[in-house]
Each structure stands twice: as structure tokens, then as C-alpha cells.
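Contents: one structure, followed by commentary.
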Amino acid sequence: MHYLLRYGVALTVALLSLNANADIQQQLDGLKPGSHIELPPEQLSPLTIKVPGVTVACAPDTVIDGGGSGNAVEIQAQEVTFTGCQVRNWGSDLNELDAGIFVAREARGAVVEGNRLQGPAFGVWLDATPDVTVRNNTIRGDASMRPNDRGNGVHLFNTTGALVEGNDISQTRDAIYIETANHNTIRNNLMADLRYGIHYMYSMDNLIEGNVTRGTRTGYALMQSKRLKVINNRSENDENYGILMNFITQSELRGNVVTGVSSGQTAGVEIDGAEGKAVFIYNSLYNTFEGNVFAESNIGIHLTAGSEDNKVFGNAFLNNQRQVKYVATRTQEWSKSGEGNYWSDYLGWDRNQDGVGDVPYEPNDNVDRLLWKYPEAKILMFSPAVDTLRWVQDAFPVVKDAGVSDSHPLMRIPAGLQPES
């Protein structure tokens, strides 16, 4: 039910223009629930919105300046809409949670939409506030500060039911940080020039859909969380990891495209130990990877620390320098019901022309392991000695170690999985 009805306010909403010469804060405090007001076209001091159900908008030239300390705007009442404002120069104290827009836990159902923010600490902080919408904002950090000293663009703390959608965020620490926050949707955000694009910690049952990261150190850092749905996102030319998973369980990754993760590259020369990984999976189990593209990176997928019992099928691994890096005691089968993955370096054949290779794709043979341990041996990659080693391990499988095996490799890229699609 609409907030105005609950409070018995008439449905006719007055459009008020605040007097530029009066005390703006006093006028805000004196509003009736359901009012729609526009702030005057001048520079304003920090403001607090305490009246429920109001809409606060800004004239085109309105600037709310935080004065270099604390919060520039605080929303302390439920179902407030704050829209179309320019907010800048709030405080830089991360311990005090300084923010451009601070949404208090009493502000259930708040909407923060279409604003332009630039400042040093957090852009929008949601403080255990349920059912908030943060939509179509432009958020910029302070590029003169060290990245780790900046705040996050949008920070969700213990928040449920939030929608964070269509925001353009760059030059903050992380674009969107989700901490002990369940049942939220993060959708269609554009994120660039950051430490992490989307960063999850201790959060459950969240949807991450249709987002794009570019030039971050890590596109999607998913940590200590369960039942995430990571659907149709893109990571373009991120540095260390496109998707990083640390203790993620029972989650789905479908339709994502990760391209060009190539940390440690200088003029085309790879620096040992600094590979860029399209996906890095650490201590993560019981997840499903389906219909993703992992392409043009140093490593397609790197699994370690007991990352087993994951379902991997229907994906395309395209032109990664190393498709899979995995060392463990158990062989992992990466196919399901006769459907494996497409591997651009698969050299097998398909005699019956059913679209499935006749021999398994096994990227983690003993030669691969030798090269991981002694990178300088890469100079021998195409030598007769390496060919002999591969022949020996095929002829005498008793010396074969456990690794990844795709028993049903696809001969063609699945429909719709070209990186440019």
C-alpha cells in the first residue's frame, strides 16, 4: 500500500520550491509526509531528511557540498526519494562511515536515483536498510588518493531486499561491496578503474546480473558466500582475475563473458607468477558453471585448495594461453549428460560427426605440471623431447596424475557463446 494512504495524507502532492534565502534544513524538517520539493540552484550545506514519504529533487545547478567532513546527505525516514542532485566533498574517514549519501536503518524503502556524486569516502552507504533502491547514479571517487584509502561506491551492510541497478561507478575502492547482506539484486551496473568491481563477503541468496567491469584489478570478487546467481555479466580486460571465488558454495555462474585478463604482461612478455586468470576458484565446491565464455587470458580457470565437485559444462574456453591449471588428488569430470565444453586447442576428432569429440580433453597432463613447476622449460614446448613425454604418458597411463578431464568435448562453440555476442 502506498505510504501516503498509510499515513492518511491526501493523494494530491504539492510541488514545493524551497526559498533559496531561507534555512533549507528547517524547511525540510517542516515538510508534510508525501511532499515533493525541489532544492534551489545554489551550493548547499549538508542536509538530513527526517520526514517520511517525501521526494527531494534538485534544480540543475544545485550542489550539496559536504564541507570535507561527515556525510553530505543523510536519509533517516522511510520511503524517501532523493533524486537528481549533485553531491560532493564529503568526509574521508572510513571508520566513521563518511558518505555522500548515508541511508540509515530507519529509511526502509528509500530510493536514491539519478544523482551525481564525487568524493573520497563511501558514495552511498546502506546501513542495514531494507528494500532500498540505488539506481542510475554516477559515482566517482577521489583519484588523487591511494585506491585502498578510498571508500566504496555503494556499500551494503546487513541489507536485505536492495536493488542496485544501472549505476556508473569508477575510481572508488570497490564499486559495490556487499557485506552480510542477503536477498539483494545487483544488476546492469558499469564499473571501471577499481580494485574490485563487485565484492561479496558473507552474503547469501544474491543475484548479480548484467553487470560490466573494465580495467579493474578483479572484476567480481565472490567470497565466503552461498547460493549466488551470477548471470550474464562481463569482465573486459581486468588485470588479475575476471571472477575470483573464495569459499563459494551452491552457486550458479551462467552466461558470463570474461575476456582479456592478462596481468603481468609487458610488451607481450609474460612475467612468471603474475598470470591473469579469467576465473580463480579457491576452496569452492558444489557450484555450476554453464554457458560461460573464458577467453584471451593467461589462464582460463585455475582451481586449487579443494575446489572439487563443481559442474562445468557447455562453456567455451577460447585462446587462453593455458586453459586450465589444476593440481589435486582427484580427477574432475567436466561434462554433464554427454555435454562437455568447447576448447579452442582441442586436437581430437569426431568420426561420427555428432559434434562431440571422440577422445577426452585433458589439459592437466604431466607435461603441463612440469611447465608449471619449471616455467623456464617453456622454451621446449614444441620440441621432440616434449612430444616424447606426451607419448609416454599416453602409452603408459599408470604414470598419469589426477586432473581435469572433459570426456565429451564439443567440436563447435555453443550457439550464442562468441565473446562479441
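The values are calculated or read from the model by the stated rules, or taken from the named source; none is laboratory data. What you see is a predicted model; the values in this text were computed from it and never measured. Here the Cβ positions follow ideal geometry from the backbone for every residue, glycine too, while neighbour counts run over all protein chains shown. Quick note on the areas: whole protein, heavy atoms, side chains included, nothing else; ligands and nucleic acids left out. Shrake-Rupley method; radii C 1.70, N 1.55, O 1.52, S 1.80 Å.
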Roll a 1.4 Å probe over the protein chains and send me the accessible area per residue for the stretch 81-184 in Å². 34
Apply the Karplus parameterisation 6.51 cos²θ - 1.76 cosθ + 1.60, with θ equal to phi minus 60°, to every residue of the stretch 244-260 and state each ³J(HN,Hα) to the nearest whole Hz, in sequence, with x for glycine and proline. 10, 10, 10, 6, 9, 10, 6, 10, 10, 10, 9, x, 8, 10, 10, 9, x
For the stretch 134-149, in order, what is each residue's ³J(HN,Hα) by Karplus, 6.51 cos²θ - 1.76 cosθ + 1.60 with θ = phi - 60°, in whole Hz (x at glycine and Pro)? 10, 9, 6, 9, 10, 10, 10, x, 9, 5, 7, 8, 4, x, 6, 8
Amide H contacts of Ser69 (H built 1.01 Å from N, under 5 Å, at least 5 apart or other chain): Gly91
Sequence-distant or interchain residues sharing an amide H contact under 5 Å with Cys85, placed H: which? Asn115, Arg116
Going by amide H atoms built from the backbone, whose H comes under 5 Å of the H on Val404, apart from near neighbours? Gln332, Asn364
Residue-wise, which Karplus ³J(HN,Hα) couplings in Hz belong to the stretch 44-59, taking 6.51 cos²θ - 1.76 cosθ + 1.60, θ = phi - 60°, and x for glycine or proline? 10, 7, x, 10, 10, 9, 10, 9, x, x, 8, 10, 10, 10, 10, 5
What does the C-alpha gyration tensor say about the overall shape of the stretch 57-161? Classify as rounded when a/c is under 1.5, otherwise prolate if a/b is larger than b/c, or oblate. oblate
Can you compute the FRET efficiency between Thr288 and Thr48 using 1/(1 + (r/R0)^6), with r the Cβ-Cβ distance and R0 = 41 Å? Round to the nearest 0.05. 0.35
